[in-house]
Amino acid sequence: MNFRVGCGYDAHRFGQGDHLVLGGVKIPFTKGICAHSDGDVALHALCDALLGAAGLGDIGRHFPDSDPSFKGIDSRVLVRRVQALLAEKNLEPINVDLTIVCQAPRLAPYIPRMQENIATDLGIHPSQVNVKATTTEGMGFEGRGEGISAQAVALVRMNI
């Protein structure tokens, strides 16, 4: 079997708003995200990890913020498009692991729904999706409440 690994990272500044979208879940919050799309850092990092594993570049190459058709787009649509690109190359996700980094809001109650969304969009079992959240204990831009970031790793297998 031919396995490939990819990693992804994304970060966005907080701005005006009353919610965040993470893992495809709308989360009430006192701030919003400054972004061209819905600003879902978790799914953007996931897309980059999957694209990296497939050797297909990054999310900006496929869904540039200079393209008005992606303005405000639901990042779950992007994940499904990335999954289709993988399928064209006979690649299937084996498992994905995401870490969301922010001081607030508390994300634990939303993680099961994030995992379900990702599993559904990738066509895999929820046990193949791991999502976790952490703080930086007040350090860095996340710790100061200026923004949010996410990291992702994906393992894919080529079906020959």
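Since every read-out is calculated from the coordinates, none of them should be taken as a lab result. Only a predicted model underlies this, so the values are computations on that prediction, with no experimental measurement involved. Cβ atoms come from the backbone with ideal geometry, glycine included; neighbour counts cover every protein chain shown.
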Verdict on ALA42 being among the aliphatic types (A, V, I, L, M), assigned to a loop (DSSP other than H, G, I, E, B) and touching a residue at least 60 places away in the same chain (Cβ under 8 Å): no
Selection within the stretch 21-67 - surrounded by 20 or more Cβ atoms within 10 Å (Cβ to Cβ) and touching a Pro at 6+ places or on another chain (Cβ under 7 Å): LEU50
Those residues of the stretch 1-20 which are surrounded by 13 or more Cβ atoms within 10 Å (Cβ to Cβ) and among the aliphatic types (A, V, I, L, M), in sequence order: ALA11, LEU20
Whichever residue in the stretch 109-160 is in a helix (DSSP H, G or I) and acidic (Asp, Glu) and, among such residues, is farthest from ARG4 (Cα to Cα): GLU142
Check on ALA150, within 18 Å of LEU78 (Cα to Cα) and crowded, with 17+ Cβ neighbours inside 10 Å: yes
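Of the residues ILE73, ILE100, which single one is of a type in the set (A, V, I, L, M) and in a loop (DSSP other than H, G, I, E, B)?
The conditions single out ILE73.
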